[in-house]
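The values are calculated or read from the model by the stated rules, or taken from the named source; none is laboratory data. It should be emphasised that the depicted structure is a prediction, and the values quoted were computed from it without experimental measurement. All Cβ positions, glycine included, derive from the backbone under ideal geometry; neighbour counts span all protein chains shown.
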Amino acid sequence: MKIHEYQAKDLLRAAGVPVLAGKVARTPEEAAAAFTALGTPVCAVKAQIHAGGRGKGSVKGSSQRGVELAKSADDAARIAKGLLDQTLVTIQTGPEGQVVRQVFVESGCQIERELYCAILVDRHAGSPVLIASTAGGMDIEEVAAKTPELIITEPFDPDRGLAAWQTRVLSARLGLPAASWRAAEQFFKSLTKAFVNLDSSLLEINPLVLTKDGKMVALDAKMTFDDNALFRHKDVVALRDESEEEPAETRAAAAGLSYVKLNGTIGCLVNGAGLAMSTMDLVKYHGGEPANFLDVGGGADVNQVTEAFRIILSDKNVKAILVNIFGGIMRCTTIATALVEASKTVGFTVPLVVRLEGTEVEEGKKILANSGTTIITADGLTDAAKKVVAASKGLKA
């Protein structure tokens, strides 16, 4: 789950992480009022979407950037007007962009240096890792590719938190003045504690700034959370903005399905995440492009399978569907019956290729063969991948 910058900063402020004052605005008039209320000579007006790269992004059909500085209330209103209800395109949104529904008007500060900081879970290290760099305000992917020596990593124990000596190592390697080391220690310790306590999966501060008076401030904040831990954080769940999410993914989550929309033409319905990934790989290997990742799990019923088909077919790019099921926990006969019922309920307009394997597989295949539906059966995953790729191109395998 993702949240907006202004929401992330509210959480960080509550955790003791230094952030600037700011107000959310949903109209140009509210942006002007926010500038006046903040009372600083300069404010930043920032588009609020679930994507990074806003400062370098631009509104479709305009030179308007996703983040601009305002020096007056009228300035703030003008910038907000150019962003609100417009489509902002950034490196992370893709060419389709995302609609801006609100802006964040934030007070300015005197910046001495811009740094980079992030925390994520490193599976290789088996722990959370704090990443820092002197290359603040830049795309960290570019920094990692071109100047990896500028990236500093500090793994830490989630129970003990970041040690004081680690904050001193970070301060030294970032070239911070000695007078700012205590502020850096407080900042990094509060940040790592917030990451762990909120069950975050990513916390990125870009830029993290050192101000003229030696303080450390999170000038931006991007947070995502572990969906499996949200039951512990009702306050975080309340921050969810479904208008920023892919509608089909939201619909799938409500049905208990794991779904991720992709850009291909072959819909995939599989039970098991590992099998789903293998299915997608084999589809690509044989010349196709998956339209989605969809894991119905080991205990899907007729209603869930039916909803899964509806979700797949809601994507107008889908030209064929591959169902790849291993009947382990669930018998193939049960799955075949669910597929037949779902196909009759939904009504397919594209070819459907089904590969079954596992318990009662022969009986399951007989159910499909005698169903009277136009289901294409396959023997083995390779055969299924070849058939669905051919079907998606209007060919016969």
* Look at the stretch 82-126 and say how many of its residues are within 24 Å of residue 63 (Cβ to Cβ) and of a type in the set (Phe, Trp, Tyr). => 1
* Any chance the stretch 227-248 includes a residue that's of a type in the set (S, T, N, Q), surrounded by 16 or more Cβ atoms within 10 Å (Cβ to Cβ) and touching a residue at least 40 places away in the same chain (Cβ under 8 Å)? -> no
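Would you check if residue 147 is buried (at least 20 other Cβ atoms within 10 Å of the Cβ), without any contact (Cβ under 8 Å) to a residue 24 or more places away in the chain and more than 23 Å from the chain's Cα centre (by Cα)?
Here the answer is no, as residue 147 does not meet what is asked.
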* Asked: Is the stretch 171-187 home to any residue that is crowded, with 18+ Cβ neighbours inside 10 Å and within 23 Å of residue 6 (Cβ to Cβ)?
  -> yes
* Filter pass, residue 125 being surrounded by 13 or more Cβ atoms within 10 Å (Cβ to Cβ) and more than 30 Å from residue 32 (Cβ to Cβ) -> no
* Would you check which residues across the stretch 2-26 are closer than 21 Å to residue 73 by Cβ and either acidic (Asp, Glu) or touching a Lys or Arg at 6+ places or on another chain (Cβ under 9 Å) (or both) and list them? => 6, 20, 22, 26
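Under 30 Å from residue 181 (Cα atoms) and of a type in the set (Lys, Arg): which single residue out of 234, 222, 261, 316 fits that description?
Numbers: 234 fails: under 30 Å from residue 181 (Cα atoms); 261 fails: under 30 Å from residue 181 (Cα atoms); 316 fails: under 30 Å from residue 181 (Cα atoms).
None of the others qualify; the one that does is 222.
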* Asked: For the stretch 368-387, what are the residues that are modelled with pLDDT of 90 or more and among the β-branched types (Val, Ile, Thr)?
  -> 382
* To do: Report the residue count in the stretch 93-115 for those that are surrounded by 15 or more Cβ atoms within 10 Å (Cβ to Cβ) and part of a loop (DSSP other than H, G, I, E, B).
  => 7
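Among the residues of the stretch 167-182, which ones are in contact (Cβ under 8 Å) with a residue 24 or more places away in the chain, assigned to a helix (DSSP H, G or I) and closer than 12 Å to residue 132 by Cβ?
The initial filter retains those residues of the stretch 167-182 that are in contact (Cβ under 8 Å) with a residue 24 or more places away in the chain, namely 170, 173-177, 179-180.
Next, only the ones that are assigned to a helix (DSSP H, G or I) stay: 170, 173, 179-180.
Matches in the stretch 167-182: 170, 173.
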* To do: Check off (1) in a helix (DSSP H, G or I); (2) of a type in the set (A, V, I, L, M, F, W, C); (3) in contact with a strand residue (DSSP E or B) (Cβ under 6 Å, 6 or more places away or on another chain) for residue 203 and give me the number that stays unchecked.
  => (1)
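Okay, residues lined up against (1) assigned by TED's automatic domain parsing to the domain that holds residue 259; (2) of a type outside the set (Gly, Ala, Ser); (3) over 22 Å from residue 255 (Cα atoms); (4) under 34 Å from the mean Cα position of the chain (by Cα):
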site	(1), (2), (3), (4)
311	yes, yes, no, yes
322	yes, yes, no, yes
336	yes, no, no, yes
348	yes, yes, no, yes
362	yes, yes, yes, no
367	yes, yes, yes, no
* Structure fact -> The residue that is surrounded by the most Cβ atoms within 10 Å (Cβ to Cβ), considering only those in the stretch 56-74 that are among the hydroxyl-bearing types (Ser, Thr, Tyr) and over 17 Å from residue 41 (Cα atoms), is 58
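It is to be established whether one or more residues within the stretch 18-27 are free of Cβ contacts under 8 Å to residues at least 24 places away in the same chain and not small (Gly, Ala, Ser).
Here is the first cut: in the stretch 18-27, the residues free of Cβ contacts under 8 Å to residues at least 24 places away in the same chain are none.
Among the residues of the stretch 18-27, not one is free of Cβ contacts under 8 Å to residues at least 24 places away in the same chain and not small (Gly, Ala, Ser), which makes the answer no.
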* Structure fact -> (1) in contact (Cβ under 8 Å) with a residue 60 or more places away in the chain; (2) under 22 Å from residue 391 (Cβ atoms); (3) part of a strand (DSSP E or B) all hold for residue 279 apart from (3)
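Part of a helix (DSSP H, G or I) and over 25 Å from residue 14 (Cβ atoms): which single residue out of 185, 249 fits that description?
249
When you scan the stretch 225-256, how many residues do you find that are more than 23 Å from residue 300 (Cβ to Cβ) and under 14 Å from the mean Cα position of the chain (by Cα)?
First, pick out the residues of the stretch 225-256 that are more than 23 Å from residue 300 (Cβ to Cβ): 225-226, 229, 232-244.
Still in the list and also under 14 Å from the mean Cα position of the chain (by Cα): 225-226, 240-244.
Counting residues in the stretch 225-256 that are more than 23 Å from residue 300 (Cβ to Cβ) and under 14 Å from the mean Cα position of the chain (by Cα) gives 7.
Against the definition (farther than 19 Å from residue 382 by Cβ, under 31 Å from the mean Cα position of the chain (by Cα) and in a loop (DSSP other than H, G, I, E, B)), how does residue 329 come out, yes or no?
yes
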* Looking for whichever is part of a helix (DSSP H, G or I) and buried (at least 17 other Cβ atoms within 10 Å of the Cβ) here; the options are 118, 77. Which one fits? => 77
